[in-house]
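Nothing in this text is a laboratory measurement; each read-out follows from the coordinates by a stated rule. No experiment lies behind these values; they were computed from the predicted model shown. Positions of Cβ are backbone-derived with ideal geometry, glycine not excepted, and every protein chain shown enters the neighbour counts.
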Amino acid sequence: MPRALQVKNLSFQYRDSERKALNSVSFQAKRGEFVAVMGPSGAGKSTLLLTLNGLIPHLIEGELEGEVVVDGWNTKEHQTRDFATRVGMVFQDFETQLFSTNVQLEVAFGPENLAIPPSEILQRVQESLRSVGLEGFEGREPATLSGGEKQRLAIASVLAMKPNLLCLDEPTSELDPAGRDDILAIARWVRESAFITLIMVEHSSEEVLGADRIILLKGGKIVAMGPSSTMLRDVNLLRKTGIRPIPITELFAAKGSKHPPLTLEEGLERFRKEGWAIDELKYRSLTELQGLRQRRYGRVLIDVRGLEHTYEGGIKALRGIDLQIREGEFVAIVGQNGSGKTTLVKHFNGLLHPTKGEVRIEGVEVRETDMLQLARRIGFVFQNPDHQIFAERVIDEISFGPRNFGFPEEAIAERAQRALEAVNLLGSRDADPFSLTKAERQRLAVGSVLASTTKVIVLDEPTTGMDYGESIRMMDLIRELNEKGHTIIMVTHTLWIVSQYAHRVIVMREGKIIRDGSTREILSDPDGLREASLKQPQMAAFGRELGDFVFLSPEECATCVVK
Amino acid sequence: MSFYLYLDRKTPIHRLDPRTKLFILLGSFVIATIQQHPLPATVVAMVILAHGGFSRSLRNIWRITGLLTAIGILTVLLWSLQARGVTPLFWRFQLEPVLYGISTGIKIDSMIIAGMIFLSTTKNEEVAVGLVKLGLPYSFAFAFCTALRLAPTIIGSARMVAQAQKSRGLDLRTGGVLSRMRKYIPLLVPIFLTTLRYTNQLSMALESKGFRAMEKRTFLLEARFTATDYCVNSALILVLLIAIIMRIKGLGQIEGLLF
């Protein structure tokens, strides 16, 4: 049986780069196999995908060595467009690959290019939409779909060309948990159909449990490759390659288990079989620490009463929000895409004004305050740093805020210096911001807000697109800012980050707050989370199974386990 | 929030062949331009508005009433002061240029409204099919439609960038002309780079989906002339002829207007 995919000694160097993005990569994949590609940012994962249908070297310039053969076709000998019937390529940013005015035409675009007769196109559109669960969406405009639906549409639009190889580049990273599950269901369907080979770049270990094989890339090289059940147990190897291990696996590895479990059920069984127990005294001291922290919060900074917001066009995004946030808090706002999280926080610095109700910052109505005044107290870090970076040097970017606020030159220099230090970018002071990595650019965005000394820092999805190591560094930085007295409000759908960093969690659904409490309270309640289409983190679920415990991280649980 | 103009309504206008809709648009342009007097221009404007009402696309026009009013007033003022006539009104204003200004304002607004109605009733893909059926190469038709598609995307990212910079204290309301222009750099650089990145990825996605893989592609949307299309086009030709004859006969002109 011929190999569906053969990659032999593949190296690639981008034209303007000094190092190889891929360095002697070799592997094969069988028909119907599900291969996950993992590794830290800059490992070459996306580059590898781009070589599989010949975008490298035909569209992207650089030096390519070695070869890629898909179903007997060498990518060097055929154009990318001719690979359309062999390789379905779904890019990371699904927004840029949807360009039609409705779902049906989006899926039809590929087959139309292949000159397939309209009657067959219709049939293919139906089949593809069915396989991603989007039947009945034919007439919808892609822009009105949720993130998960858009991603599924992007997959359907390449499935309609009947490829043998399906490539997905981090298909779940920008989705809420509900959207994530839908994509994983498609991956399972592809896996079971047994005729499509699936290559998926993914950050999260829990999502690649179903893969046949995992390839670990780092610095353009394959550092390890093997069955997922073996690879996912190797906690040290995963950590070294910037991947967050499955929490339950991490817990057992920390307790010295040689063959740690991969699922919650397995973990519970092992815990009971080994006769382990939870030290209640230790657990109580953890929860007491939390009470102590709560008593130290200062006065009310943000006071929201009866807030409603209706967008132009009549979409009601907020339906009655009451909320107080005190000085020194670290709040996470969670909920599905479209639940109103971002709309809510945009009221805090005057980017949006209430349609009804009021928002007071330190007692003053936002509507009566100038946005410039507000921006000095409430800093806002947007999800995508590339929507704000414009300067030629990092230092100029950081000084932009203080300069706008009219500080004298010495004060600007001092503030910029302190902000650079805080976000750990002193070494890049004179660098071109665009030469930084995505994670560094996000830190720069935080720094540029910090330089205007804001009391409250609002962050919208601060870790999007970051690997595990980068996320930890980013969040440690935010925790440090909180400990120095900044109030932190963070919008996110990454629950492990919420559980390890936030003090308080606000759960939103359809424009309303449905839960509001300490992180431990909220995570102990799987029903409340489910109502907002969120999944209880594994460690919290583990603690509940063992008794009245809620663990926020594997480390926390490990300190409480007595053998 | 949607920046797309197309409104998915099931009116007879929506069902017309895209070529017919293109002809209506071009016809509206020609008829609007060749009249000089405000009276026929108003009649044409009313017909165009009725067309908008019939196709239930007036919602998009209400959205730009501010722009239309501004253009209207500016045009009236500009032309009233630019051209010359024979009948004095008051101060520097004379009757003929004012009439001409009013009709030019109505004409420009009519053309914008006709364009909006076209985009509200025709999907991008239909425009492409129409252009291909008229003999234009697909690559050109696609590029044209992508430009239409790109506009809302750029507006969306521009809004985002503006919010991000406003949050960092960028204040576009104050300062002289030069300093204000300089203040636009923090907006323009990210918008430009985001658009560049977008088009880059778009071209990769297109290539991966077999764009131009075949000499001739097929279209899921069909463009076929129906009896209604023939009727509408005949009526359109008739009206065009009347307008041209009126123009040749000198009807609807403003007497005594000098440039």
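Things to note:
- Hz values of 3J(HN,Hα) by residue in region A:56-65 - Karplus curve (6.51, -1.76, 1.60), Gly and Pro given as x: 9, x, 6, 9, 9, 7, x, 10, 10, 10
- For A:Ile215, distant residues with modelled amide H under 5 Å away: A:Ala36, A:Val37, A:Met38
- Looking at region A:1-155, the pairs of alpha carbons with a distance over 18 Å make up 64% of the total.
- Along each principal axis, Cα extent of region A:164-249, largest first, Å: 32, 27, 22
- Likely footprinting exposure, A:Leu425, B:Leu68, B:Leu89, fewest C-beta neighbours within 10 Å first: B:Leu89, B:Leu68, A:Leu425
- Residues A:Glu266, A:Glu312, sorted so that the one with the fewest Cβ neighbours within 10 Å comes first: A:Glu312, A:Glu266
- When the convex hull of its Cα atoms is projected in every direction, mean area for region A:259-385 (nm²): 12.8 nm²
- Qualifying GluC sites (Glu not before Pro) in region A:363-416, where qualification requires a DSSP coil assignment and no more than 15 other C-beta atoms within 10 Å, comprise A:Glu392.
- Per-residue HN-Hα couplings for region A:102-114 [Karplus 6.51, -1.76, 1.60; θ = phi - 60°; Hz; x = Gly/Pro]: 9, 4, 4, 5, 4, 6, 6, 4, x, x, 4, 4, 7
- Packing-based ranking, highest mean first, of B:153-162, B:223-232, A:399-408 given that Cβ atoms within 10 Å are counted: A:399-408, B:153-162, B:223-232
- Peptide packing: for B:69-76, A:52-59, the average count of neighbouring Cβ atoms within 10 Å per residue gives the ranking A:52-59, B:69-76, highest mean first.
- Rg of the Cα atoms in region A:110-265, relative to 2.2 N^0.38 Å, amounts to 1.22.
- For the residues of A:101-107, the average number of beta carbons from a partner chain within 10 Å of their own beta carbon is 4.
- Taking the alpha carbon gyration tensor of region B:190-259, multiplying each eigenvalue by 5 and rooting it gives semi-axes of 46, 27, 9 Å, largest first.
- Over all pairs of different C-alpha atoms, chain B has a mean inverse distance whose reciprocal, the Kirkwood radius, equals 21.6 Å.
- Going from the residue with the fewest nearby Cβ atoms within 10 Å to the one with the most, A:Val458, A:Val132 rank A:Val132, A:Val458.
- Each Cα pair of region A:395-446 feeds into the Kirkwood radius, which the Stokes-Einstein equation turns, at 25 °C and 0.890 mPa s, into a diffusion coefficient of 221 µm²/s.
- Whole-percent pair-distance distribution, where bins are 10 Å wide, for the alpha carbons of chain A: 3, 16, 25, 26, 20, 9, 1, 0
- Summarising the amide proton neighbourhood of A:Ile514: residues at separation of 5 or more, or on other chains, whose placed amide H is nearer than 5 Å comprise A:Val507, A:Met508, A:Arg509.
- In region B:39-173, the inverse of the mean reciprocal separation of distinct Cα atoms equals 18.1 Å; this is its Kirkwood hydrodynamic radius.
- Hull-based mean projected area of region A:41-99, where the convex hull spans the alpha carbons, in square nanometres: 4.8 nm²
- Peptide-level mean, for B:214-221, of C-beta atoms on other protein chains within 10 Å: 6
- Range of Cα positions in region A:58-137 per principal axis (Å), largest first: 46, 27, 19
- Flagged links, alpha-carbon separation over 28 Å, of A:Lys150/A:Lys346; A:Lys240/A:Lys341; A:Lys346/A:Lys438; A:Lys356/B:Lys166; B:Lys123/B:Lys183: A:Lys240/A:Lys341; B:Lys123/B:Lys183
- Amide H contacts under 5 Å for A:Lys76: A:Val68, restricted to partners 5 or more places along the chain or on a different chain, H placed in the peptide plane at 1.01 Å from N.
- In terms of its Cα atoms, region A:414-563 spans 54, 44, 28 Å along the principal axes, sorted from long to short.
- The orientation-averaged projection of the convex hull spanning the C-alpha atoms of region A:344-443 amounts to 7.3 square nanometres.
- CD proxy at 222 nm, helix term only [per DSSP H run n ≥ 4: -39500 (n - 2.57); per residue of chain A; nearest 500]: -11000 deg cm²/dmol
- Once you reduce region A:504-545 and region A:28-79 to the center of their Cα atoms, the two points are 41 Å from each other.
- Per residue of A:368-377, other chain Cβ atoms within 10 Å of the residue Cβ number 2 on average.
- Length-normalised contact order of region A:349-472 in % [C-alpha pairs under 8 Å, at least 6 apart]: 34 percent
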